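See below for the structure under consideration.
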Amino acid sequence: MLGSNYEKLRSRNILKKIFKSKYEIFKNRFNNFRNRFKFNLSKTISSQQIIKNEKGFLLDFTKNSYLTFHLRPKTSDNFFLESTCKIDDSMGIIIQGPVGENYDFLKNTLDIYKKLFKSSSIVVSTWKSEKKEVLKELESKNITILFNDEPDKSQSNLNHQIVSTNAGLDLLANKGIKYALKTRTDTRLNKNNLESFLIALVKSFPLKKRNDFINSRIIVPNINTYKYRLYSLTDIIMFGETLDLLKYFDKEPYEIGLKKFDIKKDSKLINDTPLVAEIFLCSRYLQKINGNINWSLDGWWESLKDYFCIIDNSSLDLFWLKYEWDYEFKYSRTYAHKFARGIDFQDWFSLYNNSKNNWKSVFSEHEKYDEKMKIKNFI
């Protein structure tokens with residue numbers, strides 16, 4: 001209707017005449033202000049939505065940082081991603097731990113896993129004190145619920161983890177299932193085609209040192225796996241051959257295993273390193289493989305290279321409903337220090353290939369703790 005003059009009536013041209021040379025400044029300030037309010041979180045970007053349905057909104061008032069965000073569905077009815085992979089080997093998943101208030105979270109996790117782990121048997125290994133009638137309703141063709149007798153309390157409830165994980169692994173082993181993925185009731189993996197990916201990792205990175213005790217590497221994400229804390233291999237998510245994981249989660253109680261380490265009476269420290277859950281399990285495992293272990297950074301890094309594989313949390317799209325869960329890259333990203341505390345795949349792959357990382361040039365000691373489990377020497 002306006003012919004060739006329509007361009008002159010566009011808002012940007014009118015604003016340019018009003019603000020003249022300051023137009024770009026005002027435009028950028030307005031866009032920066034507008035971008036702080038994010039109301040359409042389920043909008044289509046590059047032909048796809050990240051999430052199907054989200055009714056909330058975000059406000060961003062950060063000043064010195066670029067804030068990015070990521071959304072994961074809470075419920076299975078808003079989760080449409082599916083796996084397409086096929087595997088020739090058998091695989092099982094163990095979800096261990098208490099349920100309690102996490103029932104809805106677990107129920108939705110199991111419904112999501114029906115879409116993501118179509119070839120796997122799933123075992124929920126929990127306690128007889130849980131509501132059996134309610135949990136039994138979650139059982140199906142590929143989902144089994146185990147109710148275990150609770151052991152005595154121990155440091156970080158380690159005996160509970162050992163008992164529930166061992167029971168689930170034992171069930172898978174008796175079924176002849178070759179590979180197992182150990183998880184927890186408060187964690188969820190959201191990535192598709194993980195069955196083929198995890199098995200391919202084990203086959204792509206065979207053990208550097210052959211032995212008569214284990215067959216393959218254990219694969220873990222980088223969450224709670226630290227560079228400078230000796231033998232701090234995460235026990236939250238682990239993947240490997242079922243029989244290898246059974247040896248890792250040997251049902252020998254924590255108290256008995258602790259006595260086998262040459263430490264002072266009533267102490268839980270070796271070379272200023274606390275024998276907390278994940279460190280105890282990893283060092284006990286390595287001691288069984290090698291007969292003894294070297295409580296040093298070099299010994300820790302050597303074991304990572306020889307017996308384990310560290311992958312990024314993002315490779316699993318891992319969500320852990322605990323400990324500042326809203327910080328996506330906690331432990332693995334920092335811009336305020338010279339190095340990140342955690343070990344990611346890039347770090348591990350450098351170790352695997354004997355690259356000159358020079359990590360000691362940044363921090364030459366391992367993390368050291370006192371008897372109250374407080375760190376003494378780390379930033």
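Test LEU58 against the criterion of being in contact with a strand residue (DSSP E or B) (Cβ under 6 Å, 6 or more places away or on another chain), farther than 30 Å from MET238 by Cα, surrounded by 13 or more Cβ atoms within 10 Å (Cβ to Cβ) and not basic (Lys, Arg), and give yes or no.
Values: in contact with a strand residue (DSSP E or B) (Cβ under 6 Å, 6 or more places away or on another chain): yes; farther than 30 Å from MET238 by Cα: yes; surrounded by 13 or more Cβ atoms within 10 Å (Cβ to Cβ): yes; not basic (Lys, Arg): yes.
It is true that LEU58 is in contact with a strand residue (DSSP E or B) (Cβ under 6 Å, 6 or more places away or on another chain), farther than 30 Å from MET238 by Cα, surrounded by 13 or more Cβ atoms within 10 Å (Cβ to Cβ) and not basic (Lys, Arg).
Given the criteria surrounded by fewer than 18 Cβ atoms within 10 Å (Cβ to Cβ), among the hydroxyl-bearing types (Ser, Thr, Tyr) and at pLDDT 95 or above, does SER204 qualify? Reasoning before the result, please.
Working: surrounded by fewer than 18 Cβ atoms within 10 Å (Cβ to Cβ): yes; among the hydroxyl-bearing types (Ser, Thr, Tyr): yes; at pLDDT 95 or above: yes.
Yes: the conditions hold for SER204.
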Practice problem: Return the only residue of LYS16, LYS52 being free of Cβ contacts under 8 Å to residues at least 12 places away in the same chain, surrounded by 11 or more Cβ atoms within 10 Å (Cβ to Cβ) and charged (D, E, K, R). | Solution: LYS16
Self-check item: In the stretch 320-364, residue nearest to LYS74 (Cα to Cα) [restricted to those that are surrounded by 13 or more Cβ atoms within 10 Å (Cβ to Cβ) and of a type in the set (Asp, Glu)]
Solution: GLU328
Self-check item: Residues of the stretch 73-98 that turn out to be touching a residue at least 40 places away in the same chain (Cβ under 8 Å) and either within 16 Å of LYS182 (Cα to Cα) or polar (S, T, N, Q) (or both), as a count
Solution: 11
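Is it fair to say SER154 is crowded, with 17+ Cβ neighbours inside 10 Å, of a type in the set (Ser, Thr, Tyr) and either closer than 19 Å to LYS114 by Cβ or in contact with a helix residue (DSSP H, G or I) (Cβ under 6 Å, 6 or more places away or on another chain) (or both)?
Details: crowded, with 17+ Cβ neighbours inside 10 Å: yes; of a type in the set (Ser, Thr, Tyr): yes; either closer than 19 Å to LYS114 by Cβ or in contact with a helix residue (DSSP H, G or I) (Cβ under 6 Å, 6 or more places away or on another chain) (or both): yes.
So SER154 passes the test.
Just to check your reading of the model, which residue among ASP186, ASP212 is of a type in the set (Asp, Glu), crowded, with 18+ Cβ neighbours inside 10 Å and more than 23 Å from LEU258 (Cα to Cα)? Even if it seems obvious, please write down each step before you answer.
Working: ASP212 fails: crowded, with 18+ Cβ neighbours inside 10 Å.
Within the list ASP186, ASP212, the selection yields ASP186.
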Quiz prompt | Selection status of GLY168, small (Gly, Ala, Ser), assigned to a loop (DSSP other than H, G, I, E, B) and in contact (Cβ under 8 Å) with a residue 40 or more places away in the chain | solution = no
Quiz item: Filter the stretch 105-151 for residues that are in contact (Cβ under 8 Å) with a residue 60 or more places away in the chain, aliphatic (A, V, I, L, M) and over 20 Å from ALA173 (Cα atoms); which is surrounded by the most Cβ atoms within 10 Å (Cβ to Cβ)?
Solution: LEU116
Quiz item: If you go through the stretch 125-165, how many residues are under 29 Å from ILE279 (Cα atoms) and either among the hydroxyl-bearing types (Ser, Thr, Tyr) or in a helix (DSSP H, G or I) (or both)?
Solution: 15
Quiz item: Given the structure, is LYS74 modelled with pLDDT of 80 or more, in contact with a Ser or Thr (Cβ under 9 Å, 6 or more places away or on another chain) and closer than 30 Å to THR187 by Cβ?
Solution: no
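Residue-wise test of (1) more than 20 Å from the chain's Cα centre (by Cα); (2) charged (D, E, K, R); (3) assigned to a strand (DSSP E or B).
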site	(1), (2), (3)
ILE51	yes, no, no
SER65	yes, no, no
LEU71	no, no, no
THR84	yes, no, no
ASP88	yes, yes, no
GLY92	no, no, yes
THR109	no, no, no
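The values are calculated or read from the model by the stated rules, or taken from the named source; none is laboratory data. On a predicted model such as this, the values are computed, not experimentally measured, just so you know. As a convention, Cβ positions derive from the backbone with ideal geometry for all residues, glycine included, and neighbour counts pool all protein chains shown.
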